[in-house]
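Peer 1: First the structure, which I've put down as structure tokens, then a few questions once you've had a look.
The values are calculated or read from the model by the stated rules, or taken from the named source; none is laboratory data. Note that this is a predicted model, so its numbers are computed, not measured. Cβ: placed from backbone, ideal geometry, glycine included. Neighbour counts: every protein chain shown.
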Amino acid sequence: MSEPAKQPIERKTLDERNRMSDLERLRHSCSHVLAAAVLRLWPDALIDIGPATSDGFYYDFDLPSHRFTPEDFPAIEAEMKKIVKENQTFEKCLKTRAEARAFFEAKGQKFKVERLTDIPEGEPISFYQSGDFTDLCAGPHVMRTGNVKAFKLLRVASAYYRGNEKNQQLQRLYGTAFPNKTELEAWLAAQEEAKKRDHRKIGQEMSLFVLDADFVGPGLPLWLPNGTVLVEELERLAKESEFQAGYKRVRTPHLAREKMYQTSGHLPYYAESMFPPMDLREDTGGPNQAGSESAAPSDRYYLKAMNCPHHHRIFAAEPRSYRDLPLRLAEYGTCYRYEQSGELMGLMRVRSMQMNDAHIYCPTEQFAEEFKAVNDMYLKYFKIFGFEKYQMRFSTHDPARLGQKFVDQPELWIKTEDMVRKVLDDSGINYVEVPNEAAFYGPKIDVQLWSISGREFTIATNQVDFAVPRRFGLVYRTRDNRDATPLCIHRAPLGTHERFIGFLIEHYAGNFPLWLAPEQVRVLPVTENQVGYARNIVEELRGQFVRAEFEFSNDKLQGRILRAEEARVHTMLIVGQREQEANAVAMRIHGKGSVGVKPRVEAVAEILAEIRERKS
């Protein structure tokens, strides 16, 4: 197994899980305090929901008479502090559906009336009351508002009711809460650091990508030359790793017929996340290129939202034998997903994405080795990028939801989950097990990474699929000359380029290691007399495929060094008269300063070695 990261997250203990539960309870309670404070200040406000989130809480309001701004936060927080000081008890009560409807209708709270429809018939309808504020809520809460002490409002945003852009737009107030002021202040300090590292801000400073919503469309990034370097370097890394691991590369089109996604099971269940279909009229005048009859006169096509169905058809394109397995098909396929506009966020949530995708077809007896090899590839990448904090989330099914959220094959669920669990335990990989979050076709692992600033990201996935190959009729011939359906492992160790690069920008704060830096070397002659020597160094480096540039102007050397630092150029080679005469260079490293004068041949060799070894 590859060397693990230095400080992996351990499996959560019961106390840690309870602490997380306590924190969520505190934050949920704080969202009620927020709603109560807003209603005191603006009695005409209509309220919707106010859940706890991974880093705080929010509450949604409809308030046509007033638009919230950060200038309102001091007044709202002051009212919240009054409610906290009143030390109101959170009291649970049950109402019938008729009583609940009458209660909210009397208050004119239309959103709460509509939310009652989310509660299945026969289930109890619970409310929580604190002081003069009563909310539809399943709980739980802290005992009293006095327990909610360390909190802060963070920002205001717009949010569509029920997350649907066709619905009314509400105002969302975000906040956070912690058990004490010390933890709150530490979290706020980390958030300030995260703002400095925001990939959208750094992406603009470094000319990495643009999002042109007016002409290109929301969530469809354009990669500029500097950003394209990052994309291509990641692709080169993956292709080298996959070649060494025995993967075969394939390419598939950007769209396909509706029939394929119906067969895979993605339609109709995944339709909301896919772009609307295109109705096309095919030419029926003769045979197509494959020699078969052409399509029906009218056909529906979808933009590709996932690569797996295409790969299944590649598997089915030729007869397969046990001798062909495992078959590992890899592709950098571009996929398109119609994410809600309110959920789009820089590179982290986009509608066009390049996926580091592959599908491994294997019999059951090869599964453990293949699944472990994928996890080892993750660990290899963690080491290359210097990731020290990660967590593998092992997502399993809920037996009560078989036939609804999950494929109704209970024996295969138990078997494959046991197989995944055994691989994780035997490999010594730290993981947490999360029920009811599996893919519809099998258990999966999601890889959570934390950047240096402490932000958590879901980056990669490793999924087991025992259902969809059967839907496509995929078979191979076994040793005893019978047909069998292979298991399929869906894996994407680098996830999508978009999200992974967004994470890397924030992790490195734009200060990329030499092998990944958009501009690796800038050569700066001190005077015009060294221009020829400097250009010769650039030509030598570029001849070795190093991204080297040359700059000379009438500006003082210090000004040119400052520009290179601001551009986050990794290495500067400064050449004056002495360096030229000695066939040497003075080296500077971004963020570290001067590392001394070195013979030119030695400096070039160091640069090439660092790039080749992908040092972090």
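Peer 1: All but one of (1) without any contact (Cβ under 8 Å) to a residue 40 or more places away in the chain; (2) in a helix (DSSP H, G or I); (3) under 27 Å from Glu610 (Cα atoms); (4) more than 32 Å from the chain's Cα centre (by Cα) hold for Glu565; state the number of the condition that does not hold.
Peer 2: For Glu565, the exception is condition (4).
Peer 1: On to the next question. Please specify each residue of region 180-198 satisfying the condition of being surrounded by 15 or more Cβ atoms within 10 Å (Cβ to Cβ) and modelled with pLDDT of 95 or more.
Peer 2: Hit for region 180-198 is Leu184, nothing else.
Peer 1: In region 325-347, how many residues are within 30 Å of Arg172 (Cα to Cα) and surrounded by fewer than 18 Cβ atoms within 10 Å (Cβ to Cβ)? Give the steps one after another, and end with the answer.
Peer 2: Narrowing region 325-347 to residues within 30 Å of Arg172 (Cα to Cα): 336-347.
Of the ones still in play, those that are also surrounded by fewer than 18 Cβ atoms within 10 Å (Cβ to Cβ) are 338-345.
Selection size over region 325-347: 8.
Peer 1: Right, next: Of all residues in region 415-426 being surrounded by 16 or more Cβ atoms within 10 Å (Cβ to Cβ) and under 25 Å from the mean Cα position of the chain (by Cα), which is nearest to Ala467 (Cα to Cα)?
Peer 2: The residue in question is Glu417.
Peer 1: Only one residue in Pro43, Pro70 is surrounded by fewer than 18 Cβ atoms within 10 Å (Cβ to Cβ) and more than 17 Å from Asp132 (Cβ to Cβ), so which one is that?
Peer 2: Working: Pro43 fails: more than 17 Å from Asp132 (Cβ to Cβ).
Residue meeting the stated conditions: Pro70.
Peer 1: Now a separate question. Before we move on, is Tyr322 more than 21 Å from Ser264 (Cα to Cα) and surrounded by 22 or more Cβ atoms within 10 Å (Cβ to Cβ)?
Peer 2: Working: more than 21 Å from Ser264 (Cα to Cα): yes; surrounded by 22 or more Cβ atoms within 10 Å (Cβ to Cβ): no.
So Tyr322 fails the test.
Peer 1: Further question: Looking for whichever is at pLDDT below 95 and among the β-branched types (Val, Ile, Thr) here; the options are Thr284, Thr252. Which one fits? Steps first, answer last, please.
Peer 2: Numbers: Thr252 fails: at pLDDT below 95.
None of the others qualify; the one that does is Thr284.
Peer 1: At least 1 residues that are of a type in the set (Lys, Arg) and under 25 Å from Phe382 (Cα atoms) in each: list the strands (runs of 3 or more DSSP E) lying fully within region 411-471 that qualify. Spell out the reasoning first.
Peer 2: Numbers: elements: 431-434, 444-450, 456-465.
So the answer is 444-450.
Peer 1: Say we look at region 82-127 and pick out the residues that are in contact (Cβ under 8 Å) with a residue 40 or more places away in the chain and closer than 19 Å to Ala45 by Cα; which of these is surrounded by the fewest Cβ atoms within 10 Å (Cβ to Cβ)?
Peer 2: If we take residues in region 82-127 being in contact (Cβ under 8 Å) with a residue 40 or more places away in the chain and closer than 19 Å to Ala45 by Cα, then Gly108 is surrounded by the fewest Cβ atoms within 10 Å (Cβ to Cβ).
Peer 1: Follow-up. (1) in contact (Cβ under 8 Å) with a residue 24 or more places away in the chain; (2) in contact with a Phe, Trp or Tyr (Cβ under 7 Å, 6 or more places away or on another chain): which one isn't true of Asn180, the others all being true?
Peer 2: Among (1) in contact (Cβ under 8 Å) with a residue 24 or more places away in the chain; (2) in contact with a Phe, Trp or Tyr (Cβ under 7 Å, 6 or more places away or on another chain), the lone unmet condition for Asn180 is (2).
Peer 1: Could you please find all residues in region 514-554 being over 12 Å from Val569 (Cα atoms), small (Gly, Ala, Ser) and assigned to a loop (DSSP other than H, G, I, E, B)?
Peer 2: The one that is over 12 Å from Val569 (Cα atoms), small (Gly, Ala, Ser) and assigned to a loop (DSSP other than H, G, I, E, B): Ser553.
The rows are residues; the columns are (1) at pLDDT below 95; (2) closer than 14 Å to Tyr476 by Cα; (3) part of a loop (DSSP other than H, G, I, E, B).
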position	(1), (2), (3)
Ala305	yes, no, yes
His312	no, yes, no
Leu329	no, no, no
Tyr338	yes, no, yes
Met355	yes, no, no
Ile360	no, yes, no
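Peer 1: Here's something else I'd like to know. Every residue in region 571-616 that is β-branched (Val, Ile, Thr) and part of a strand (DSSP E or B), please. Write out each step before concluding.
Peer 2: If we filter region 571-616 for residues that are β-branched (Val, Ile, Thr), which is where we start, we get 571, 574-575, 585, 589, 595, 597, 601, 604, 607, 611.
Residues satisfying the conditions are Thr571, Ile574, Val575, Val585, Ile589, Val595, Val597.
Peer 1: Follow-up question, since we're still on this one. Among the residues of region 128-151 satisfying the criterion of being among the charged types (D, E, K, R) and part of a strand (DSSP E or B), which is surrounded by the most Cβ atoms within 10 Å (Cβ to Cβ)?
Peer 2: First, pick out the residues of region 128-151 that are among the charged types (D, E, K, R): 132, 135, 144, 149.
Imposing the further condition that a residue be part of a strand (DSSP E or B) reduces the set to 135, 144.
Details: Asp135: 22, Arg144: 15.
Filtering region 128-151 for residues that are among the charged types (D, E, K, R) and part of a strand (DSSP E or B), the one surrounded by the most Cβ atoms within 10 Å (Cβ to Cβ) comes out as Asp135.
Peer 1: Tell me which of these Ala177 doesn't satisfy, since it passes every other one: (1) part of a strand (DSSP E or B); (2) over 24 Å from Trp450 (Cβ atoms); (3) not acidic (Asp, Glu).
Peer 2: Failed condition: (2).
Peer 1: Within region 478-497, how many residues are more than 13 Å from Tyr361 (Cβ to Cβ) and out of contact with any Leu (no Cβ under 7 Å at 6 or more places or on another chain)? Break it down into steps so the answer makes sense when it comes.
Peer 2: Of region 478-497, the ones more than 13 Å from Tyr361 (Cβ to Cβ) are 478-483, 492-497.
Add one more test, that the residue is out of contact with any Leu (no Cβ under 7 Å at 6 or more places or on another chain), and what stays is 478-483, 492-493, 495-496.
Of the residues in that region, 10 qualify.
Peer 1: Given the criteria without any contact (Cβ under 8 Å) to a residue 60 or more places away in the chain, over 27 Å from Glu205 (Cβ atoms) and crowded, with 16+ Cβ neighbours inside 10 Å, does Gly596 qualify? Give the steps one after another, and end with the answer.
Peer 2: Values: without any contact (Cβ under 8 Å) to a residue 60 or more places away in the chain: yes; over 27 Å from Glu205 (Cβ atoms): yes; crowded, with 16+ Cβ neighbours inside 10 Å: no.
No.
Peer 1: Just wondering, is there one or more residues in region 152-169 that are assigned to a helix (DSSP H, G or I), hydroxyl-bearing (Ser, Thr, Tyr) and either farther than 30 Å from Leu94 by Cα or modelled with pLDDT of 95 or more (or both)? Quick ask: steps written out before the conclusion?
Peer 2: Step one: list which residues in region 152-169 are assigned to a helix (DSSP H, G or I), which gives 161-163.
Keeping just the survivors that are hydroxyl-bearing (Ser, Thr, Tyr) gives 161.
If we keep only those that are either farther than 30 Å from Leu94 by Cα or modelled with pLDDT of 95 or more (or both) as well, we get none.
For region 152-169, residues assigned to a helix (DSSP H, G or I), hydroxyl-bearing (Ser, Thr, Tyr) and either farther than 30 Å from Leu94 by Cα or modelled with pLDDT of 95 or more (or both): absent.
Peer 1: Scan region 503-537 for residues that are surrounded by 19 or more Cβ atoms within 10 Å (Cβ to Cβ) and more than 25 Å from Gly386 (Cβ to Cβ) and jot them down.
Peer 2: If the condition is that a residue be surrounded by 19 or more Cβ atoms within 10 Å (Cβ to Cβ) and more than 25 Å from Gly386 (Cβ to Cβ), then Val523, Leu524, Pro525, Val526, Gln530, Tyr533, Ala534, Ile537 are the ones that fit.
Peer 1: I need the full set of residues from region 58-96 which are part of a strand (DSSP E or B), aromatic (Phe, Trp, Tyr) and over 15 Å from Lys152 (Cβ atoms), in order please.
Peer 2: Of the residues in region 58-96, the ones part of a strand (DSSP E or B) are 58-62, 89, 91-95.
Subsequent filtering for residues that are aromatic (Phe, Trp, Tyr) retains 58-59, 61.
Within region 58-96, Phe61 is the sole residue that qualifies.
Peer 1: Looking at the structure I just gave you, is Asp426 at pLDDT 90 or above, in the same structural domain as Leu224 (by TED's automatic domain parsing) and in contact with a Lys or Arg (Cβ under 8 Å, 6 or more places away or on another chain)?
Peer 2: On the way: at pLDDT 90 or above: no; in the same structural domain as Leu224 (by TED's automatic domain parsing): yes; in contact with a Lys or Arg (Cβ under 8 Å, 6 or more places away or on another chain): yes.
No: the conditions fail for Asp426.
Peer 1: For region 427-444, which residues satisfy the criterion of being under 23 Å from Lys389 (Cβ atoms) and either surrounded by fewer than 17 Cβ atoms within 10 Å (Cβ to Cβ) or touching a helix residue (DSSP H, G or I) at 6+ places or on another chain (Cβ under 7 Å) (or both)? Even if it seems obvious, please write down each step before you answer.
Peer 2: Within region 427-444, the first condition is being under 23 Å from Lys389 (Cβ atoms), and the residues that meet it are 427-434, 437, 444.
Once the filter is applied, which keeps residues that are under 23 Å from Lys389 (Cβ atoms) and either surrounded by fewer than 17 Cβ atoms within 10 Å (Cβ to Cβ) or touching a helix residue (DSSP H, G or I) at 6+ places or on another chain (Cβ under 7 Å) (or both), region 427-444 yields Ser427, Gly428, Ile429, Asn430, Tyr431, Val432, Val434, Glu437.
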